[in-house]
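Inspection log for the structure reproduced underneath, given as structure tokens.
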Amino acid sequence: MYERHGKRALDIAAALTLLLLLAPLMLGVALAVRLALGAPILFRQPRAGRHGLPFQLIKFRSMRPGPGEDATRLTRFGRALRASALDELPQLLNILRGHMSLIGPRPLPAAYTPRYSSRQATRLRVRPGLAGLAQAAGRNAVPWEHRLELDARYAERITLVGDLRIALRCALVLLRGTGATAPGHATMPEFRG
């Protein structure tokens with residue numbers, strides 16, 4: 001019942017409420033991005049949504065534009081923005097549009113989809129989320145194999161209590177300021193399958 005009807009209604013209500021409450025903060029972050037990194041303020045990238053259907057994920061930009069490794073384009077400001085997860089706030093709009101949910105597997109680049117094993121591909125049965133079980137386990141510090149297994153487990157059993165637990169655990173991880181990067185990487189290494 002929750003997965004079919006309640007989850008989407010909760011997503012809409014929570015996303016609208018959060019957008020209203022966080023509007024001043026989001027305007028402040030947008031201004032800070034503009035001053036620190038210039039235009040554009042938002043980063044857009046195709047990601048695989050439910051059933052693998054592509055959508056445009058939006059985030060506040062955290063890297064300098066142009067070619068090069070993530071490590072060379074990611075500034076101190078960008079690292080702080082990512083560590084705080086404030087760069088993710090525009091995804092509340094993705095939730096309102098129905099592309100994402102508050103809780104679910106994080107949306108990954110569409111190019112990863114053919115690289116998944118059949119077990120890993122079960123993550124595509126559900127809408128991707130702003131926060132998920134893998135993020136609750138440690139964000140980008142969680143290795144790909146374990147991360148995708150957690151996503152598959154989530155897709156198999158979705159409950160209101162489970163979603164509330166994940167949200168709480170994600171908040172604790174954020175408060176600790178851990179897991180914004182994979183060990184030895186500026187962000188997260190590419191998933192190769």
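Overview of values
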quantity: Residue with peak Gaussian network fluctuation, the chain [Cα springs, cutoff 10 Å], from 85, 171, 13; calculated: 13
quantity: Ranking of 55, 60, 77, 43 by count of other Cβ atoms within 10 Å, fewest first; calculated: 77, 43, 55, 60
quantity: Likely footprinting exposure, 62, 118, 84, fewest C-beta neighbours within 10 Å first; calculated: 118, 84, 62
quantity: Exposed-site-free run, longest, the chain (rule: GluC sites (Glu not before Pro); DSSP loop; at most 14 other C-beta within 10 Å); calculated: 70-189
quantity: Only Lys, Arg (+1) and Asp, Glu (-1) charged, at Cβ; the stretch 1-133 dipole about Cα centre in debye; calculated: 280 debye
quantity: Cβ-based net charge around residue 165, under 15 Å, with every Lys or Arg adding one and every Asp or Glu removing one; calculated: +3
quantity: The stretch 94-193 - Kirkwood radius from inverse mean 1/r over Cα pairs (Å); calculated: 13.7 Å
quantity: Cβ-defined net charge surrounding residue 155, 12 Å radius [Lys, Arg +1; Asp, Glu -1]; calculated: +3
quantity: Listed residues 96, 150, 161: farthest to the positive end of the dipole of the chain (Cβ charges); calculated: 96
quantity: Extent along principal axes [Cα atoms of the chain; Å; largest to smallest]; calculated: 46, 39, 31
quantity: The chain, helix-only ellipticity at 222 nm - DSSP H runs n ≥ 4, -39,500 (n - 2.57), divided by all residues, nearest 500; calculated: -13500 deg cm²/dmol
quantity: Residue-count net charge about residue 37 - beta-carbon cut-off 9 Å; Lys, Arg +1, Asp, Glu -1; calculated: +3
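Every read-out reported here was derived from the displayed coordinates using simple, explicitly stated rules and does not represent laboratory data. Remember, it's a predicted structure, so these values are computed and weren't measured experimentally. Glycine gets a Cβ as well: all are built from the backbone with ideal geometry, and neighbour counts include every protein chain shown.
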